[in-house]
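*Asks:* So that we are looking at the same thing, I have put the structure below in structure tokens.
Only the coordinates and a few stated rules stand behind these numbers; no lab work does. Because the structure is predicted, anything quoted here is derived from the model rather than measured. Note that each Cβ is placed from the backbone with ideal geometry, even for glycine, and that neighbours are counted across all protein chains shown.
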Ligand code: 5GP
Ligand code: ZN
């Protein structure tokens, strides 16, 4: 049974549950990754915990393994999605947090952005 907490009003919880369609990049028991609907660059996907955590501000030490897995998975998925290898290529990871941080969707997410420049934004 799925014991992770969800918010019925959260757009990313709905995406994870398959109630809103998305273009999947990766999925395991705790993490879901999908293409951003408004990409800034040739590669732009979002990585989210399946658990509804509103932002980085709610993290506790218990979340360290989950966040560590997201961070270490990102380089592999970035290459799979078309980012060129480091150091000529690479990628950018962005985690907007709170209103001052520019966060619009309040379900913790990591932007992974890359591919040949120019980019639309960033
Ligand atoms: P934030 O500004 O919160 O860091 O970023 C939210 C991101 O989610 C934006 O880049 C936006 O394009 C993306 N987004 C918002 N709604 C949807 C959606 O319904 N589907 C997908 N795939 N991305 C979305
Ligand atoms: Zn959510």
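*Asks:* Give me the percent relative contact order of the chain, please, defined on Cα pairs under 8 angstrom at least 6 residues apart.
*Replies:* Reported as a whole number, the value is 31 percent.
*Asks:* Compute for the chain: radius of gyration divided by Kirkwood radius, i.e. Rg/Rh, restricted to C-alpha atoms, rounded to two decimals.
*Replies:* Taking Rg over the Kirkwood Rh, I get 0.95.
*Asks:* Further question on the same structure: Run the quick spin-label model on residue 120 and residue 64: label points 7 Å from Cα toward the beta carbon, then report their separation in nm to one decimal.
*Replies:* Going by the 7 Å Cα→Cβ label model, 3.8 nm.
*Asks:* Output the peptides 72-80, 85-93, 43-51 sorted from most to least packed, where packing is the average of other Cβ atoms within 10 Å over each peptide's residues.
*Replies:* So the peptides 72-80, 85-93, 43-51, ranked by packing, come out 43-51, 72-80, 85-93.
*Asks:* Okay, moving on. Can you give the alpha-carbon Rg of segment 1-72 over 2.2 N^0.38 Å, where N counts its residues?
*Replies:* 1.12
*Asks:* By how many degrees, between 0 and 90 and to the nearest 10, does the Cα long axis of helix 64-80 differ from the longest principal axis of the chain?
*Replies:* Between the helix axis and the principal axis of the chain, the angle is about 40 degrees.
*Asks:* I would also like to ask the following. Which values, in whole Å and largest first, are the semi-axes of the equivalent ellipsoid of segment 33-100 obtained as the square root of 5 times each eigenvalue of the Cα gyration tensor?
*Replies:* Ellipsoid semi-axes (Å, largest first): 23, 15, 11.
*Asks:* Then there is this: Calculate the spin-label point distance for residue 2 paired with residue 104, positioning each point 7 Å from the Cα along the beta-carbon direction, and give it in nanometres.
*Replies:* Result: 2.5 nm between the two label points.
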